[in-house]
Amino acid sequence: MTLPKCELTRREALGRIGATATAALVANNWVKMSQAADARPKAMIWDAHGHLGGARSPEESIARSLRYADRMGIDRVVVSMGMSFVYDPSPEELRRQNDEVLRAVRFAPDRVFGFVYVNPKHVKASLDEIDRCVRDGPMVGVKLWVAMRCNEANLDPIVRHAVELKAPILQHTYLKITGNLPGESTPADLVELARRHPDASFLCAHTGADWERGIRWIRGVKNVWADVCGSDPTAGMVEMAVRELGAERVVYGSDFPGRSFASQLAKVTSANLPETARRLILGENLRRLLLPILTAKGIRA
Amino acid sequence: MIVDVNVSLSRWPLRRLPCDETPRLVAKLKEHGVTQAWAGSFDGLLHRDIAGVNARLAEECRRDGEGILIPFGSINPMLPDWTEDLRRCHEDWHMPGIRLHPNYHGYELKDPVFSEVLALAEQRGLIVQLVARMDDVRVQHPLLRVPDVDLRPLGELVAGRTKLRVVLLNGSGALRGEQRKRVGALPNVWMDIATLEGLGGVGSLLEDVPLAQVVFGSHCPLFNFESALLKMQESELSAQQSAAIFHENARRLLGR
């Protein structure tokens with residue numbers, strides 16, 4: 001016999017994110033728990049790091065991801081890059097991928113923030129894409145991946161233009177003992193770039209994944225935030241990040257759909273932190289980072 | 001009610017963890033409704049005095065386990081007289097199973113010694129927990145680089161052993177596509193969810209592996225316990241599916 005699925009609304013899920021909530025979850029007493037008295041306002045959860053994929057269209061992909069986001073109480077998500085991962089995209093490929101993100105943003109404009117994907121090997125095309133998607137479009141940030149290490153001079157005009165538009169920059173970083181890709185940045189590369197541009201705001205994606213070293217690399221550079229996404233849900237990561245950087249410089253992200261919201265959220269929800277710190281990490285820090293450009297664009301958040 | 005088939009006691013060799021003291025771990029597990037946890041020892045990865053590791057594990061589960069910790073001793077078949085360690089796990093410590101780390105102990109599944117371990121475990125009715133990985137190979141310590149266990153030979157090795165029960169820990173994420181389906185087709189292999197990734201990972205796993213062979217494992221305290229718990233929330237599971245994964249399958253497997 002197949003029993004009915006447990007229906008779960010976003011509001012109910014929001015109430016469940018927290019240490020005291022799980023007993024009800026495990027008892028499958030979900031609705032009952034969500035109705036339990038809890039006077040605290042629910043934490044706002046914004047996910048700083050997501051992608052498209054695993055579906056036939058951008059609309060189908062983001063709709064699927066938002067269904068899971070609802071189950072986990074996630075209010076808003078940042079999406080960048082298109083339906084396929086291309087390490088070194090041509091100008092045409094950049095445009096195609098950004099078009100796919102634009103479709104995802106249009107599908108759920110009140111839930112999805114787009115970050116424009118650029119390639120420092122094609123500076124003019126990247127600046128044009130920033131103009132098309134951010135200055136003249138709905139996107140609110142810049143995404144850099146693995147085409148070129150981010151300490152290169154080619155990055156400078158891209159960063160300057162992002163600053164003009166008040167757009168934060170999400171830079172992929174990894175510290176692989178197995179060897180980075182030729183154009184794959186480390187947190188050390190990002191620190192070089194961030195020191196050249198103290199007026200820019202950088203999200204250090206994955207915090208290098210080898211986060212014990214990544215956190216140390218970015219510790220002294222105040223315009224770099226740790227994006228804790230896209231690595232194993234190892235206990236102690238967020239506690240160390242908060243200890244070394246302060247809760248104001250730590251941002252929740254997942255790297256969905258390749259990673260689960262669950263494993264990445266657990267890094268924050270399970271961390272031994274004051275509730276105020278948890279709220280900063282789950283959403284308030286990202287909102288603060290985005291607020292200048294959202295305000296400039298007249299987007300309410 | 002939860003049975004967690006994948007927890008470890010003692011210290012991870014490379015950093016302190018929030019729950020690496022047994023009373024704290026037990027408190028965390030109980031806070032989240034865990035009523036039984038199958039515990040190995042981090043010491044089993046690198047210590048050569050495995051008999052000492054297993055004696056401490058059994059004693060700690062008894063002394064600090066508050067009735068929820070079930071010890072699974074480590075067996076390193078590359079050590080001299082390892083069969084005596086296995087005997088002690090079964091006869092002296094009354095453990096229901098053993099935990100294997102082929103990648104830390106320097107052998108592969110295709111090596112004859114692995115078959116010998118399986119044969120002895122089957123004879124004694126011991127559950128075999130086979131750990132596919134402990135951490136991400138891309139970010140390991142440079143002096144402790146340990147590859148994932150190559151699971152490809154597993155099917156052939158367990159196929160004829162009808163009384164053998166193998167629980168694959170931290171393997172569900174590494175296995176993809178057809179390989180995961182092949183393991184799922186082995187009726188005497190169970191899989192935990194600790195290292196599953198991707199949105200709706202538990203639901204996706206159930207497309208490849210029969211419900212009766214999926215068990216709840218957290219890999220706590222190296223991983224946050226809540227990771228596995230929230231995965232159960234993320235996937236759209238029926239109450240029947242949740243109950244099977246949270247506790248029924250593991251209880252049936254253990255026979256208690």
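The values are calculated or read from the model by the stated rules, or taken from the named source; none is laboratory data. Here the structure is a predicted model, which means the values were calculated and not measured. Quick reminder, even Gly has a Cβ in these numbers, built from the backbone with ideal geometry, and neighbours come from all protein chains shown. The protein model used for the area step is the full one, side chains on, heavy atoms only, and it has no ligands, DNA or RNA in it. Shrake-Rupley method; radii C 1.70, N 1.55, O 1.52, S 1.80 Å.
Laid out as a table, the results:
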| item | result |
| --- | --- |
| Selection count where residues are in contact with a strand residue (DSSP E or B) (Cβ under 6 Å, 6 or more places away or on another chain) and either more than 26 Å from B:S10 (Cβ to Cβ) or not hydrophobic (A, V, I, L, M, F, W, C) (or both), scope segment B:215-229 | 3 |
| Number of the exception - A:K297 against (1) within 30 Å of A:S84 (Cβ to Cβ); (2) crowded, with 19+ Cβ neighbours inside 10 Å; (3) touching a residue at least 60 places away in the same chain (Cβ under 8 Å); (4) of a type outside the set (A, V, I, L, M, F, W, C) | (2) |
| Qualifying position, being more than 14 Å from chain B (Cβ to nearest Cβ) and within 26 Å of A:M139 (Cβ to Cβ), among A:L190, A:L265, A:L245 | A:L190 |
| Cross-chain or 6+ apart pairs with Cβ under 6 Å, segment B:173-185 first and over 20 Å from A:R259 (Cα atoms), then of a type in the set (D, E, K, R) and at pLDDT 90 or above | B:K181/B:D208; B:G184/B:D208 |
| Residue count for segment B:20-34, restricted to those that are surrounded by fewer than 22 Cβ atoms within 10 Å (Cβ to Cβ), at the interface with chain A (Cβ under 10 Å from one of its Cβ atoms), under 11 Å from B:P221 (Cβ atoms) and of a type outside the set (D, E) | 0 |
| Selection status of A:R216, more than 14 Å from chain B (Cβ to nearest Cβ), basic (K, R) and open to solvent by 10 Å² or more (accessible area, probe 1.4 Å) | no |
| Residue that is surrounded by fewer than 24 Cβ atoms within 10 Å (Cβ to Cβ), at pLDDT 95 or above and within 13 Å of chain A (Cβ to nearest Cβ), where the choices are B:E248, B:E226 | B:E248 |
| Residue match in segment B:230-243 (condition: touching a strand residue (DSSP E or B) at 6+ places or on another chain (Cβ under 8 Å), of a type outside the set (S, T, Y), open to solvent by less than 10 Å² (accessible area, probe 1.4 Å) and more than 8 Å from every other protein chain (Cβ to nearest Cβ)) | no |
| Options A:L289, A:L265: the member that is under 30 Å from B:S172 (Cα atoms), of a type outside the set (D, E, K, R), within 18 Å of the chain's Cα centre (by Cα) and part of a helix (DSSP H, G or I) | A:L265 |
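For (1) under 30 Å from B:D148 (Cβ atoms); (2) in contact with a Lys or Arg (Cβ under 9 Å, 6 or more places away or on another chain), each residue gets a yes or a no:
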{"position": "A:P138", "(1), (2)": "no, yes"}
{"position": "A:A147", "(1), (2)": "yes, yes"}
{"position": "A:E164", "(1), (2)": "no, yes"}
{"position": "A:Q171", "(1), (2)": "yes, yes"}
{"position": "A:Y174", "(1), (2)": "yes, yes"}
{"position": "A:N180", "(1), (2)": "yes, yes"}
{"position": "A:S185", "(1), (2)": "yes, yes"}
{"position": "A:V191", "(1), (2)": "no, no"}
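Let's see how each residue does on (1) under 17 Å from the mean Cα position of the chain (by Cα); (2) part of a loop (DSSP other than H, G, I, E, B); (3) farther than 22 Å from B:W190 by Cα:
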residue: B:A51; (1), (2), (3): no, no, yes
residue: B:A55; (1), (2), (3): no, no, yes
residue: B:E60; (1), (2), (3): no, no, yes
residue: B:E66; (1), (2), (3): no, yes, yes
residue: B:G73; (1), (2), (3): yes, no, no
residue: B:F114; (1), (2), (3): yes, no, no
residue: B:V117; (1), (2), (3): yes, no, no
residue: B:Q123; (1), (2), (3): no, no, no
